[in-house]
Amino acid sequence: MTPEGGRPAVFLDRDGTIIADRDHLSDPAGVRLLPGAARGLRRLAGAGYELVVATNQSGIARGLFGEADYRAVRARLDERLAAAGVRLAGTYHCPHHPDFSGPCACRKPAPGMFLRAARELGLDLGRSVLVGDRVRDVAPAAELGARGILIAEAAAAPEGVAAAADLIAAADLILGTERALRE
């Protein structure tokens, strides 16, 4: 399923995980990094993880905004992260919604975006982590052989998924687990 010996990645949901959730964000001026997001991402990158965004963007299927609007928001996010010393290895989005465009293999919780990124970027999903603020963001972790961390209260996390308050706490959890595995 994934290249053995590939690089580990942290797959991140965008809205509500890296930036404030603005509900169908189509204006680059609305891109606001969440407190501590850049710091947590820098720590993960510094530890050797590739950073990959995997985001559902149903506003495209709903006709609320177009691909050009999505790309403008993505470019603004890249600019904000670069200014904070963070570089993404890749960004993947699903422009579908089953009620508007029919079923697809890429809309989370389907594994399509993760499999594509692993193939295109040479990532080892078994050494990777999925981080998001909704269960659908981390649900594919078990199927992919990865770990999942939900940015939420611990009670909200399904069995087998860890919980963290924010990206700094998620980075602490990921890096602590990695140290334990190497010892």
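The values are calculated or read from the model by the stated rules, or taken from the named source; none is laboratory data. Model, not experiment: these values are computed from the prediction. Glycine also receives a Cβ, built like all others from the backbone with ideal geometry; neighbour counts cover every protein chain displayed.
Does A110 satisfy the condition of being in contact with a strand residue (DSSP E or B) (Cβ under 9 Å, 6 or more places away or on another chain) and either modelled with pLDDT under 95 or not in a helix (DSSP H, G or I) (or both)? First the steps, then the outcome.
Numbers: in contact with a strand residue (DSSP E or B) (Cβ under 9 Å, 6 or more places away or on another chain): yes; either modelled with pLDDT under 95 or not in a helix (DSSP H, G or I) (or both): yes.
So A110 passes the test.
Check the stretch 86-101 and report whether any residue there is out of contact with any strand residue (DSSP E or B) (no Cβ under 9 Å at 6 or more places or on another chain), exposed (fewer than 14 other Cβ atoms within 10 Å of the Cβ) and not in a helix (DSSP H, G or I).
Taking every residue of the stretch 86-101 in turn, none turns out to be out of contact with any strand residue (DSSP E or B) (no Cβ under 9 Å at 6 or more places or on another chain), exposed (fewer than 14 other Cβ atoms within 10 Å of the Cβ) and not in a helix (DSSP H, G or I).
Kindly indicate whether A72 is more than 22 Å from S101 (Cα to Cα), in contact with a helix residue (DSSP H, G or I) (Cβ under 7 Å, 6 or more places away or on another chain) and touching a residue at least 40 places away in the same chain (Cβ under 8 Å).
Yes.
Could you count how many residues in the stretch 44-75 are under 25 Å from A170 (Cα atoms) and either surrounded by fewer than 19 Cβ atoms within 10 Å (Cβ to Cβ) or in contact with a Phe, Trp or Tyr (Cβ under 6 Å, 6 or more places away or on another chain) (or both)? Before you say what the answer is, go through the steps one by one.
Quick first cut of the stretch 44-75, residues under 25 Å from A170 (Cα atoms) only: 44-57, 73-75.
Then drop every residue that is not either surrounded by fewer than 19 Cβ atoms within 10 Å (Cβ to Cβ) or in contact with a Phe, Trp or Tyr (Cβ under 6 Å, 6 or more places away or on another chain) (or both), which leaves 45-48, 52, 54, 57, 75.
Of the residues in the stretch 44-75, 8 are under 25 Å from A170 (Cα atoms) and either surrounded by fewer than 19 Cβ atoms within 10 Å (Cβ to Cβ) or in contact with a Phe, Trp or Tyr (Cβ under 6 Å, 6 or more places away or on another chain) (or both).
Can you tell me which residue is surrounded by the fewest Cβ atoms within 10 Å (Cβ to Cβ) among those in the stretch 131-183 that are modelled with pLDDT under 90 and basic (K, R)?
Once the filter is applied, the top-ranked residue is R182.
If I filter the stretch 7-22 for residues that are more than 21 Å from A165 (Cβ to Cβ), surrounded by fewer than 17 Cβ atoms within 10 Å (Cβ to Cβ), of a type in the set (G, A, S) and more than 13 Å from the chain's Cα centre (by Cα), do I get at least one hit?
no
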